[in-house]
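One structure below.
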Amino acid sequence: MDRLDKESAVPLYEQLKLSLSKKIEEHVLQEGERLPSEAELCAEFDVSRITVRRAVDELVEEGVLERRQGKGTFVASSRMSVQMMPMNEVVQGFYTRDTGRKQTHVISKKEYVANQHEREALALQEGDAVYVFTRQMMVDGNICMLDRSTFPAGRFPGLFDRVTDNMSTYRLLEQEYGVVMYCVHKEISHTYASAEQAKWLDCAVGTPLFRMYKVVRDPQGVPIHMSSSYMKADSIIFVTDNELLKG
């Protein structure tokens with residue numbers, strides 16, 4: 001039995017938090033493993049349910065543990081911190097400032113006549129063609145996201161053959177087509193992995209995902225491209241460190 005020191009000035013729930021955290025750090029409790037029940041923890045540490053509940057609640061709040069509806073409490077999975085750039089940093093995107101850590105793999109390239117949604121988002125005419133690139137993005141060897149980007153084919157002739165692995169499409173557009181990225185509209189929503197998305201994100205069908213939809217425009221307000229990026233919700237933390245306005 002892992003008894004706690006009831007004579008200590010440190011509250012029992014704090015001791016229990018430290019004990020559980022140590023078990024997780026030392027991999028006695030593995031990532032994704034189900035935590036013992038309240039009754040089992042009470043017996044193991046010889047404490048009350050109130051003590052167990054407070055310790056577990058605080059570890060959940062701190063992100064060390066996570067509750068799953070109808071299943072119990074589990075050791076939280078490690079999450080990748082994704083730097084979310086300020087709106088004026090359109091070119092760098094939001095994946096990571098350290099481009100040396102990032103790799104991209106082109107999964108597919110398609111060229112077809114734009115559908116209604118693509119025509120409306122990119123200000124195209126009926127019959128206009130688009131290039132669509134689907135890429136898997138990784139940071140430090142870990143799958144970070146799946147990105148589907150759509151570009152007006154008429155505006156960027158030859159782009160289809162120029163997009164390759166580990167290439168910044170934004171840099172390519174700037175250098176080869178003289179495009180200036182001026183403003184971006186972003187939307188973050190929640191969805192569930194399809195079979196194709198699950199394949200490339202290495203997860204189960206139906207896994208909760210974040211979806212970031214984005215439309216980038218030039219200084220004249222003309223759309224440059226649109227994209228939808230998908231990230232596993234249980235493995236991503238969005239981080240932003242913007243400066244506050246002064247004065």
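The values are calculated or read from the model by the stated rules, or taken from the named source; none is laboratory data. Source: prediction; values computed, not measured. We place every Cβ from the backbone using ideal geometry, glycine too, and count neighbours over all the protein chains shown. Each accessible area value is taken on the protein alone, full model and side chains, heavy atoms only, with ligands, DNA and RNA left out. Shrake-Rupley method; radii C 1.70, N 1.55, O 1.52, S 1.80 Å.
Details
- Residue within segment 194-203 that is in contact with a strand residue (DSSP E or B) (Cβ under 9 Å, 6 or more places away or on another chain), in a strand (DSSP E or B), open to solvent by less than 70 Å² (accessible area, probe 1.4 Å) and over 22 Å from residue 113 (Cβ atoms) present: no
- Long-range neighbours under 9 Å by Cβ, at least six apart or interchain, first residue more than 13 Å from residue 216 (Cβ to Cβ) within segment 178-191, second among the small types (Gly, Ala, Ser): 190/233
- From the list 106, 139, the lone residue that is over 25 Å from residue 221 (Cα atoms), open to solvent by 20 Å² or more (accessible area, probe 1.4 Å) and of a type in the set (A, V, I, L, M) is 106.
- If only residues of segment 183-193 that are farther than 18 Å from residue 136 by Cβ, under 14 Å from the mean Cα position of the chain (by Cα) and not hydrophobic (A, V, I, L, M, F, W, C) are counted, the one that is surrounded by the most Cβ atoms within 10 Å (Cβ to Cβ) is 192.
- When 171, 217 are screened for being more than 16 Å from residue 131 (Cβ to Cβ), surrounded by 13 or more Cβ atoms within 10 Å (Cβ to Cβ) and either more than 14 Å from the chain's Cα centre (by Cα) or modelled with pLDDT of 95 or more (or both), only 217 passes.
- Number of the condition not met by residue 15 [criteria: (1) exposed (fewer than 13 other Cβ atoms within 10 Å of the Cβ); (2) of a type in the set (S, T, N, Q); (3) without any contact (Cβ under 8 Å) to a residue 24 or more places away in the chain]: (1)
- Only a single item in (1) in contact (Cβ under 8 Å) with a residue 12 or more places away in the chain; (2) part of a loop (DSSP other than H, G, I, E, B); (3) over 18 Å from residue 228 (Cα atoms) is not met by residue 157, and it is number (1).
- Of all the residues in segment 35-47, those that are outside any helix (DSSP H, G or I) and either open to solvent by 60 Å² or more (accessible area, probe 1.4 Å) or of a type in the set (D, E, K, R) (or both) number 1.
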